[in-house]
1. Can you list the helices (runs of 4 or more DSSP H) lying wholly within region 280-357 that have 3 or more residues being loosely packed, with under 14 Cβ neighbours inside 10 Å and out of contact with any strand residue (DSSP E or B) (no Cβ under 7 Å at 6 or more places or on another chain)?
2. Taking only region 129-168 into account, find how many residues are assigned to a strand (DSSP E or B), buried (at least 21 other Cβ atoms within 10 Å of the Cβ) and at pLDDT below 95.
3. Restrict the check to region 263-272 and report whether at least one residue is out of contact with any helix residue (DSSP H, G or I) (no Cβ under 6 Å at 6 or more places or on another chain) and modelled with pLDDT of 85 or more.
4. Checking the structure you have, find out if any residue of region 29-38 is in the same structural domain as residue 166 (by TED's automatic domain parsing), surrounded by fewer than 22 Cβ atoms within 10 Å (Cβ to Cβ) and either under 26 Å from the mean Cα position of the chain (by Cα) or within 30 Å of residue 223 (Cα to Cα) (or both).
5. So, residue 182, is that one under 19 Å from the mean Cα position of the chain (by Cα), surrounded by 17 or more Cβ atoms within 10 Å (Cβ to Cβ) and under 30 Å from residue 275 (Cα atoms) or not?
6. I'd like the full set of residues that are crowded, with 21+ Cβ neighbours inside 10 Å and within 23 Å of the chain's Cα centre (by Cα), limited to region 69-82.
7. I want to confirm something. Restricting to region 86-115 and keeping residues that are more than 18 Å from residue 236 (Cβ to Cβ) and part of a loop (DSSP other than H, G, I, E, B), which single residue is nearest to the chain's Cα centre (by Cα)?
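The values are calculated or read from the model by the stated rules, or taken from the named source; none is laboratory data. Keep in mind the model is a prediction, meaning the values are calculated, not measured. All Cβ positions, even for glycine, are placed from backbone atoms using ideal geometry, and neighbour counts span all protein chains on display.
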C-alpha cells in the first residue's frame with residue numbers, strides 16, 4: 001500500500017525528476033525487478049514509465065526520487081496483480097492492505113488499531129507474522145519470518161523495510177501525528193545504502209538483529225484515532241506516497257520533552273543538548289512545543305518544581321544543594337524562582353510540608 005521512498009527534505013535543494021531529490025536506493029528498484037523475473041514477466045514498461053533507464057538500473061550506487069518509486073511500485077502492483085510485490089508465497093490482490101486499514105479505522109485508540117492490523121495481516125499471508133508488544137514504557141512491532149522471502153536478499157530487505165514503513169506510516173496517519181521511533185532493528189548486515197535508513201526510520205537503527213522491528217513510546221498507543229471512514233476512503237485513493245516525514249506535529253511531544261528533562265538533569269541546562277537528543281534544531285524544538293501550547297521554560301519550571309519539592313520534603317539536603325540538584329547555578333536564584341512558583345521560600349515550604357496534621 002505504501003512504499004519506502006524517501007521524500008525530499010525541505011531544507012535540501014531539489015534536483016532530478018520532477019524537481020525532487022534522488023534519494024531512494026537502486027536496491028529497492030532491483031527488488032521490484034526480481035519480482036517480475038520470478039514470474040517470468042518483463043518490467044521494461046513500468047521502468048520506462050518511472051523514467052528509470054537500463055544503465056541506471058545496473059548501477060548499485062544510483063538513486064531515484066520518491067515520485068519515481070511511487071510510479072514504479074504503483075505500476076508493478078497492478079501489472080503483477082500483487083500489492084506485496086512478490087514478497088509472499090501468494091499474491092495479495094489490489095485492495096488487500098486497504099481492507100486491513102478499514103478493519104483498523106473503527107478502533108477507539110491506536111493500540112487496538114495496530115493490534116487489528118497485525119492480527120488481520122496474518123489472514124493475508126503465512127510468510128510473516130506481525131506482533132504488537134509492550135515492555136515497560138516501550139511498544140514494539142516485530143516481524144517474525146516463517147518462510148523465505150523470495151530468492152534474493154534485496155527482495156527480503158525491501159519486504160521488511162516496506163512492511164515496517166507501512167504500519168508506521170499508517171499509525172502516524174491514524175493519529176495525525178508524528179510517532180517518533182526509539183529504535184529500528186533489521187536481521188541482516190548493513191547494506192551499502194545503509195545511510196538511507198536514518199531517514200526511513202528516524203531514531204537508532206541496528207543491523208544484524210534477530211528480527212525486524214520498530215520500537216516507540218507506548219503512550220502513543222492510548223491516543224484516540226483522528227481519522228474516520230471518510231478520511232480513509234480519500235487516503236486510499238492515493239496511499240502510496242503516505243510517509244512519516246510530513247507529520248511534523250507530535251501530539252505527545254511536550255510529554256516526551258518533560259520526561260527527558262526529568263530523567264537527565266543535564267537537559268535542564270539549555271535547549272541545545274535537548275534538541276540534539278531529539279534530533280531536532282532548537283528552532284523546531286521551540287516551534288513544536290508552541291504548537292502544543294507549551295514552552296521549554298514552562299516545562300523546565302514544572303520539572304524543577306517537582307524535583308525540588310521531592311528533595312525538600314523527603315531529604316535533608318541544604319537549600320544550596322537542592323538548588324544545584326535541580327539545575328540552578330546558585331541558591332539565590334533558586335529561592336527567587338521557588339518563591340515565584342509557590343509563594344514560599346524553600347525553607348518555609350519544607351517546614352510546612354513536614355508540619356503534623
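1. Once the helices (runs of 4 or more DSSP H) in region 280-357 are filtered for at least 3 residues that are loosely packed, with under 14 Cβ neighbours inside 10 Å and out of contact with any strand residue (DSSP E or B) (no Cβ under 7 Å at 6 or more places or on another chain), what remains is 282-291, 296-314, 331-342, 346-354.
2. Of the residues in that region, 0 qualify.
3. Yes, some residue in region 263-272 is out of contact with any helix residue (DSSP H, G or I) (no Cβ under 6 Å at 6 or more places or on another chain) and modelled with pLDDT of 85 or more.
4. Within region 29-38 (the criterion being in the same structural domain as residue 166 (by TED's automatic domain parsing), surrounded by fewer than 22 Cβ atoms within 10 Å (Cβ to Cβ) and either under 26 Å from the mean Cα position of the chain (by Cα) or within 30 Å of residue 223 (Cα to Cα) (or both)), the answer is yes, since at least one residue qualifies.
5. Here the answer is no, as residue 182 does not meet what is asked.
6. 69, 73
7. 109
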